[in-house]
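The values are calculated or read from the model by the stated rules, or taken from the named source; none is laboratory data. The model shown is predicted, which means the values in this text are computed figures rather than measured ones. Using ideal geometry, Cβ is built from the backbone for each residue, glycine included, and neighbour counts are taken over all protein chains shown. Heavy atoms of the whole protein, side chains included, go into the accessibility calculation; ligands, DNA and RNA do not. Shrake-Rupley method; radii C 1.70, N 1.55, O 1.52, S 1.80 Å.
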Amino acid sequence: MNKPWSGSWFDAYAPQRFEAFTPSHVWAVLGLIVCALLLWLTRGFIRSHKLVNEAIRWFLMTVLILSEVTLNIWYVTQLIWDAQTSLPLELCSVTLLLSILMLSILMLFFRSRWLYPIILFAGIGGALQAVLTPNLAYAFPHYRFIHFFVAHSAIILAALYMTWIEGLKPTWKSVGGAMLFLNGLALIVWIVDAALGANYMFLAEKPSTPSILDVLGPYPVYILAEEAIALLFFSLMMLLFEVLPGGKLYARFGKQAMQRAERFMED
């Protein structure tokens, strides 16, 4: 049976294989960094211009939706859709869908405070690890290469948008909430893995491509190590948001620095 849309850029059996830290991978990572920096540097301008704010929100939501839709089109047209590999049960797939829901709810003038910390911590944590050590078989300019980095970057940017533009702030309590979500999701996915003979979230074995899991020990030790790393990473993220402008530590130490400067000037 012939596959439609079987050009090499879309073909599931394209010969070009992805290799980590090649120029195309580095450029994809740099593109994410530049987008995040631009969002940070222009946050005041975006907040003060409603049209720009809404355009960015619509753009992020459109990218996330198209990422999921086109991925399933690719699975179907390439005749490779399989319940063991194609369900949206990877951590980044789940957070992508939650990001769409979060941005959609915002369209209805509600700030989804329960979704936000999940996407901020679990979404950024999972997507950032994926971008740096991709479990990816296809090299640039294959569709899956482009889809992979666009989708994961959009997850990160959606969480940063809600933080820097919409003004939602994480708390130390939300770190615990994100960990509870992560473990609850892992339990559900583990049950699905056992029922389907699948390996979603790599709860059955490590991925076939090189990843950070390779240095975390054998199964199931690497899963426990992931738990500790997730907690450490979420805590470091929380600390980073505390010391950035708008955070409690920034406000506290910034105020103290101003007071010391004023006393110095008076002396």
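Annotations for the structure displayed:
Matching residues to (1) out of contact with any helix residue (DSSP H, G or I) (no Cβ under 8 Å at 6 or more places or on another chain); (2) surrounded by fewer than 14 Cβ atoms within 10 Å (Cβ to Cβ); (3) part of a helix (DSSP H, G or I):
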{"position": "Cys35", "(1), (2), (3)": "no, no, yes"}
{"position": "Arg47", "(1), (2), (3)": "no, no, yes"}
{"position": "Leu51", "(1), (2), (3)": "yes, yes, yes"}
{"position": "Ala83", "(1), (2), (3)": "no, yes, no"}
{"position": "Val94", "(1), (2), (3)": "no, no, yes"}
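- Scanning region 142-159 for residues that are out of contact with any Cys (no Cβ under 9 Å at 6 or more places or on another chain), touching a residue at least 12 places away in the same chain (Cβ under 8 Å) and either in a helix (DSSP H, G or I) or of a type in the set (S, T, N, Q) (or both) turns up Tyr143, Arg144, Phe145, His147, Phe148, Phe149, Val150, Ala154, Ala158, Ala159.
- Pairs where the first residue, in region 70-91, is without any contact (Cβ under 8 Å) to a residue 40 or more places away in the chain and the second is of a type in the set (A, V, I, L, M, F, W, C) and open to solvent by less than 50 Å² (accessible area, probe 1.4 Å), C-beta under 7 Å, 6+ apart: Pro88/Val94
- Within region 205-232, tally of residues that are open to solvent by less than 50 Å² (accessible area, probe 1.4 Å), outside any helix (DSSP H, G or I) and either more than 24 Å from Leu120 (Cβ to Cβ) or of a type in the set (Phe, Trp, Tyr) (or both): 3
- Screening region 175-185 for residues that are in contact (Cβ under 8 Å) with a residue 60 or more places away in the chain and small (Gly, Ala, Ser) and picking the one that is surrounded by the fewest Cβ atoms within 10 Å (Cβ to Cβ) gives Gly177.
- Qualifying positions in region 11-33 - among the charged types (D, E, K, R) and either within 24 Å of Ile155 (Cβ to Cβ) or open to solvent by 60 Å² or more (accessible area, probe 1.4 Å) (or both): Arg17, Glu19
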